[in-house]
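The values are calculated or read from the model by the stated rules, or taken from the named source; none is laboratory data. Nothing here was measured: the structure is a model prediction, and the numbers come from that model. Positions of Cβ are generated from backbone atoms using ideal geometry, with glycine treated the same way; all protein chains shown enter the neighbour counts.
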Amino acid sequence: MSDDKLKLELEYLLQLQRAMERAGFTTEHAARLLDPCFLCLVREALEGIREIVEIDLIIKTDLDPCSVHGLEKCRHNRSLKPWVWNPTEFELYQSEIQESGKRVLVRKLIKWIRDRHAANACILDWARRHPRYLPISWLEWLRGNKNRNIWFPGTTYRDENMFERVRGLYLLDDRLSSRSRKLTESFGPDDVVVLMIV
């Protein structure tokens, strides 16, 4: 290797070391870069083959949702893999009956949308932990009326009286809270369900 090429490579390494120091890399971080498998992942990210995702944006829809006092999980539409949050992959849905100002049984609505990938309660639990990522349109919709709810019917629960229920989000003092509704009750114009666009 010529002296000029060696000097150039050393200069690149010094620049990389300075950049890593400015970015707050520790010796443990630098040691991980010595792992060839990890280095391949970094290269693939640089080439656009892989995507680096903020950990808060990963929704583990392939796992069970959080346990809720007084409710036992009954049915849960698991995803095959965790989702990376992308609001364009979700839609708020209302039936034509609800849009006309009338009410529809929760059980009936769930039956109507069964082939449309209803979002499960893992997404609800994630949204409560990370409200800053929710679309402004969802929050504005909730703020429009204190009785408004966003439901996640991909998971149903059974309460202590053996009634099946679904969980949903609503705003309480401008904070996201969760409530449940029996499948034998109804959804009206103030209720929407979340569907995943697959």
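If I filter region 67-76 for residues that are closer than 23 Å to Trp138 by Cα and either among the aromatic types (Phe, Trp, Tyr) or surrounded by 12 or more Cβ atoms within 10 Å (Cβ to Cβ) (or both), do I get at least one hit? No, there is no match, as no residue in region 67-76 is closer than 23 Å to Trp138 by Cα and either among the aromatic types (Phe, Trp, Tyr) or surrounded by 12 or more Cβ atoms within 10 Å (Cβ to Cβ) (or both).
Residue-level check: of (1) modelled with pLDDT under 90; (2) polar (S, T, N, Q); (3) surrounded by 15 or more Cβ atoms within 10 Å (Cβ to Cβ), Gln94 misses just (1). So which of Ile52, Ile123, Ile113, Ile59 ends up being within 16 Å of Thr155 (Cα to Cα) and touching a helix residue (DSSP H, G or I) at 6+ places or on another chain (Cβ under 7 Å)? Result of the check over Ile52, Ile123, Ile113, Ile59: Ile59.
Which one is nearest to Arg167 (Cα to Cα), of the residues in region 48-62 that are loosely packed, with under 12 Cβ neighbours inside 10 Å and of a type outside the set (Val, Ile, Thr)? Out of the qualifying residues, it is Glu54.
Only a single item in (1) within 21 Å of Asp115 (Cα to Cα); (2) part of a helix (DSSP H, G or I) is not met by Lys81, and it is number (2). Taken together, the criteria exclude Ala45 from residues that are assigned to a helix (DSSP H, G or I), loosely packed, with under 12 Cβ neighbours inside 10 Å and among the aliphatic types (A, V, I, L, M).
On inspection, Ile136 qualifies as of a type in the set (Val, Ile, Thr), at pLDDT 90 or above, exposed (fewer than 13 other Cβ atoms within 10 Å of the Cβ) and within 21 Å of Leu176 (Cα to Cα).
Quick check on my filter: what residues within region 70-127 are of a type in the set (Lys, Arg) and touching a Pro at 6+ places or on another chain (Cβ under 6 Å)? Quick ask: steps written out before the conclusion?
Restricting attention to region 70-127, the residues satisfying the condition of being of a type in the set (Lys, Arg) are 73, 75, 78, 81, 102-103, 107-108, 111, 114, 116.
Residues satisfying the conditions do not exist here.
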